[in-house]
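Okay, so here's the structure we're looking at.
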Amino acid sequence: MTDQTKAASGGDDLEPVVIFDTTLRDGEQCPGASMTFEEKLEVAELLDDMGVDIIEAGFPIASEGDFESVSEIARRSKNAVIAGLSRAAFNDIDRCAEAVKHAARPRIHTFISTSPIHMKHKLQKEPDAVLEAVIASVSRARSHVADVEWSAEDGTRTEFDFLCRCVEGAITAGATTINIPDTVGYSTPEEYTDLFLRVREAVPNSDKAVFSVHCHDDLGMAEANSLAGLKGGARQIECTINGIGERAGNAALEEIVMAIKTRPDVLPYRTNIDSTMLTRASKLVAAVTSFPVQYNKAIVGRNAFAHESGIHQDGMLKHTQTYEIMTPESVGVKETSLVMGKHSGRNAFREKLKELGYELGDNAFQDAFKRFKDLADRKKHVYDEDIEALVDEEIGNADDRIKVVSMTVVAGTGGPQKATLTMDIDGRVETKEATGNGPVDAIFNAIRALVPHEATLALYDVHAVTEGTDAQAEVSIRLEQGGREVSGRGADPDTLVASARAYVHALNKLQARSERMHAQTG
Ligand code: KIV
Ligand code: ZN
């Protein structure tokens, strides 16, 4: 047992498994899921509090923004190891070392492709040159930190003997964790178990490192493959909240954790994760990325614990275990409670925020309280979900320079629909009117008239936060410009107001990004 796996151990006969979360790196890498600096800090703090052993905070060489967020997450880390990703190049590795150095427990994660197709077409390198790069990059990383992970990108499509030579070389050079990713989501569970068994058997120094799984979901087998890797001797799982990630995504952390917790009879492992925080983590990541969670998603989907059919409801009333293999409470689902009303005061609101896991600074608290009061005036029942939507939006918009001040929309069968919008743009208040093909189009045209920009709308999604016709609408938007996407969200009982807020939220992110890029290019 290594230090890392010992840390996850509780002393019982279940073997500890290290949970390595890559929501902020592989998750954030997928188109449209980019998060702001503040959002990344918030996610990292929650992951740390939840018991994630290793947080992969980003790819420091990728941009100044990535570097800064990895550094700040490292500075603020409490218990988790903070990892940064780097390619097999010295400047990448040195930059990564610089970013993670403030963590109490820093890790450098370096990788290179090892499969024939990647080496030939992507790297244009011969296998011997790749092996040399493995040894040089791991040695360089070890000159900075004691905790070094090496990954064989496209590991599952790598020729076996070459994979073993690279793994052996990486361990000799000082790698303490060896990751064999299923980069393209191609493997099957039996194959993946077998691969770990064979590599560990064939590599003479394999006992000197923890082996890790990293699975993508292209064929819908990411979680099954990850768990199969444990059977082959891996003891670290790389995963993301809600399974976000490149293409079809990564293995979902919540599914891995609950499978291990629910089936110790066939999966004799344990993790450090406080599973009651899974729902909160899922909601936060969905909110900051504007990637909605599918309703029937295992563990965190809104229907995961809903029992609609008569037969199921009857069974549930007789005994909950007839149709439930884990309790909603174990993943942090609370009975939807009628929490607050228009008579609730500041103290009650502060207490409720604490219960929901929020800690707001004074200004953010005052703004959130004002919005809560407005909402309570308009909506009969204010549920926990309403408050979460409102506060998540408030946190996301804290630094916005463009704000919606007021809005009037003419909608209906008559057309053309018309929107009159007043916005505060860097302290200057302006009003414009526009028509459109429907009220939402009219609003977006009015925003474009007030803040001219090139971005195009890549996604517009609406869902109700709770039930009933007075439910708040939560709108997610994605804007695309120059091949990159930003997301925005807005919540309000009026779907049109929520739409305007979501668009303006995305626009603010776009502006902040282009200012950052201008600053970087001087
Ligand atoms: O999928 C992959 O191979 C990766 C590596 C960089 C670990 O994300
Ligand atoms: Zn990956």
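Readers should treat all values here as calculations from the given coordinates under stated rules, not as data from a laboratory. Since the structure is predicted, the reported quantities are computational estimates derived from the model, not experimental observations. So basically every Cβ, Gly included, is an ideal-geometry build from the backbone, and we count neighbours across all protein chains shown.
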Computed from every Cα-Cα pair in region 171-326, P(r) in 10 Å bins starting at 0 and rounded to whole percents is 10, 33, 33, 17, 5, 1, 0
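What does the C-alpha gyration tensor say about the overall shape of region 366-522? Classify as rounded when a/c is under 1.5, otherwise prolate if a/b is larger than b/c, or oblate.
On the way: a/c = 1.70, a/b = 1.24, b/c = 1.37.
Note, shape of region 366-522 comes out oblate.
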Measuring from its Cα centre, region 337-398 shows a charge dipole (+1 at each Lys and Arg Cβ, -1 at each Asp and Glu Cβ) which, in debye to the nearest 20, is 400 debye
Going from the fewest other Cβ atoms within 10 Å to the most, one would list Y295, Y323 as Y295, Y323
Lys and Arg at +1, Asp and Glu at -1: neighbours of I325 with Cβ under 11 Å from its Cβ sum to +1
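In the chain, what % of DSSP beta bridges are antiparallel (nearest 5)? Could the numbers behind the result be given before it?
Values: 37 of 74 bridges.
Antiparallel: roughly 50 percent of the beta bridges in the chain.
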So, relative contact order of the chain in percent, Cα under 8 Å, 6 or more apart, is 11 percent
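Could you sort out which of K78/K101; K297/K354; K120/K208; K352/K373; K370/K403; K297/K334 sit more than 19 Å apart by Cα distance in this structure? Don't skip to the end; give the middle numbers.
Working: K78/K101 14 Å; K297/K354 27 Å; K120/K208 30 Å; K352/K373 14 Å; K370/K403 16 Å; K297/K334 17 Å.
The pairs that break the limit, which is 19 Å between Cα atoms, are K297/K354; K120/K208.
Run lengths n ≥ 4 of DSSP H only: what is the helix-derived mean residue ellipticity at 222 nm for the chain, with -39500 (n - 2.57) per run over all residues, to the nearest 500?
Values: 16 runs with 210 residues, N = 522.
Result for the chain: -13000 deg cm²/dmol, rounded to the nearest 500.
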In the chain, whole DSSP H helices that both stretch 27 Å or further along their axis by alpha carbon positions and average at least 0.5 on the Kyte-Doolittle scale are none
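Among E238, E56, which comes first, second and so on when ranked by fewest other beta-carbon atoms within 10 Å? Show your work: numbers first, answer last.
On the way: E238 32, E56 27.
Lowest to highest Cβ neighbour count: E56, E238.
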Kirkwood Rh over alpha-carbon pairs of region 16-264 plugged into Stokes-Einstein at 37 °C, 0.692 mPa s gives a D in µm²/s of 187 µm²/s
In terms of the charge dipole of the chain, which places +1 on Lys and Arg and -1 on Asp and Glu at the beta carbon, the residue among I325, P116, A281 farthest towards the positive end is A281
In whole Å, largest first, the alpha carbons of the chain cover along the principal axes 74, 67, 41
Sorting S406, Y460, G483 by the position of each Cα along the dipole of region 402-521 (Lys, Arg +1; Asp, Glu -1; all at Cβ), the one nearest the positive end of that ordering is G483
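Arranged by the count of other C-beta atoms within 10 angstrom, fewest first, what order do Y192, Y383 take?
Numbers: Y192 28, Y383 20.
Lowest count first: Y383, Y192.
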Extension length gain for D470 and Q321 (0.36 nm per residue less Cα distance), in nm, is 50.2 nm
Toy charge model, Lys and Arg Cβ at +1, Asp and Glu Cβ at -1: the chain dipole around Cα centroid in debye, rounded to 20, equals 740 debye
Total charge of the residues flanking R142 in space, meaning their Cβ is under 14 Å from its Cβ, with Lys and Arg +1 and Asp and Glu -1, is 0
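Label region 31-102 by shape, choosing from rounded, prolate and oblate, from the square roots a ≥ b ≥ c of the eigenvalues of the Cα gyration tensor; if a/c is under 1.5 it is rounded, and otherwise prolate applies when a/b is larger than b/c, oblate when it is not.
Working: a/c = 1.92, a/b = 1.34, b/c = 1.44.
It is oblate, given that a/c is not under 1.5 and a/b is not larger than b/c.
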Taking a crude spin-label model, label points 7 Å out from Cα along the C-beta direction, the T431 to L197 distance in nm is 7.5 nm
Given Cβ charges of +1 for Lys and Arg and -1 for Asp and Glu, the option among A502, F90, A512 whose Cα lies farthest towards the positive end of the dipole of the chain is A512
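Let me check I've understood the local charge: for F20, count other residues with C-beta under 14 angstrom from its C-beta, Lys and Arg +1, Asp and Glu -1. What total comes out? Provide the component values of the computation, followed by the final result.
On the way: positive: R25, R105, R107, R235; negative: D21, D26, D48, D53, E56, D147, E149, E238.
Net charge in that neighbourhood comes out at -4.
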